[in-house]
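Each remark here refers to the structure printed beneath this line.
Every number here is computed from the coordinates shown, using simple stated rules; none is lab data. None of these values were measured; they are calculated from a predicted model. Positions of Cβ are backbone-derived with ideal geometry, glycine not excepted, and every protein chain shown enters the neighbour counts.
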Ligand code: 5GP
C-alpha cells in the first residue's frame, strides 16, 4: 500500500550518537522528530517537551491504557513510549517521522507497520562507545557498565534491522541516512500510484 510519509526507526546503544544524528537529520526538509514520553528523571540540560515529555508512572500508565502510545518499552527500569497521534498526523502530512527508540520498541513498530524502515547505529568499536559514555560524564561507572552490556545484547538483534550505519562524523551519518530514505521512497511497494499512472486510466477502465 502507498503511504505518503515514512516511519524511520533509529536504534543503537546509548552513546552511539543517535540523538545528535537525528537532530542533524531533522534539519533537512521533510523530516519530523517524534518526542517520546518517559518516566525517567530529567538529566542536566534536557528540556521537557524538547528532549522528552517527562511524566510520572501513574500518568504514563493512564496514557498507555488510553491507547495513546504506538509502542512502549521498559529500558533499565524506566518506561519509554512513542506518541500515537503526533506520529500518525505527521505521516499523513507526508513527513518522514524519525523515532529514536530501543530495540524492543523498534520490533513492536515493525510488527504493526511492516513498511517502517529500521536503521541500527553504532560507533566503530565498543571501546569508542565506552569513551563517549565516559566523556559525557552523565552516568557513573556502574551505569556505564550496564549500558555497555545492554549494547552487546542489542547488537545481537541487528539482523532484524534493514540497515547498519557506523556513526563517525555526524553530518556524514545524517547524509547517509537521508540517502537510505530517498532510496526507500523508490520502492515499488510505495509507488503503486506511479504504475497506475504509467498504465493509464483507459486500461483501468477496460
Ligand atoms: P535515554 O534514557 O538514554 O535517553 O534512552 C534510553 C533508551 O531508550 C535509548 O535506547 C532510547 O533510544 C530509548 N528510547 C527513547 N525513547 C523511546 C521510546 O519512545 N520508545 C522506546 N521503545 N525506546 C525509547
Please check: in the Gaussian network model of the chain (C-alpha springs, under 10 Å), which one of 122, 169, 195 has the largest mean-square fluctuation.
195
When the gyration tensor of segment 1-113 is built from Cα positions, what are the square roots of 5 times its three eigenvalues, in whole Å, from largest to smallest?
21, 17, 13
Over segment 47-205, relative contact order from alpha-carbon pairs under 8 Å, at least 6 apart, %
16
So the angle from the long Cα axis of helix 170-184 to the longest Cα principal axis of the chain, reported in degrees to the nearest 10, equals 30
In nanometres, what is the gap between the two model label sites at residue 168 and residue 132, each 7 Å from Cα along Cα-to-Cβ?
1.4
Starting from the Cα-Cα distance between residue 191 and residue 86, subtract it from 0.36 nm times their residue separation and give me the gain in nm to one decimal.
35.4 nm
Taking Cα atoms only, helix 126-135 is inclined relative to the longest principal axis of the chain by an angle, in degrees rounded to 10, of 60
How far, in nm, would the chain grow between residue 143 and residue 159 when pulled straight, counting 0.36 nm per residue and subtracting the alpha carbon separation?
3.1 nm
Shape descriptor, the chain: equivalent ellipsoid semi-axes (Cα gyration tensor, sqrt 5λ, whole Å, largest first) stand at 33, 21, 15
Decide, for segment 128-206, between rounded, prolate and oblate: order the square roots of the alpha carbon gyration tensor eigenvalues as a ≥ b ≥ c, take rounded if a/c falls under 1.5, and otherwise choose prolate if a/b is larger than b/c, else oblate.
prolate
Theoretical FRET efficiency, 1/(1+(r/R0)^6), r = Cβ-Cβ of residue 64 and residue 199, R0 45 Å, to 0.05:
0.50
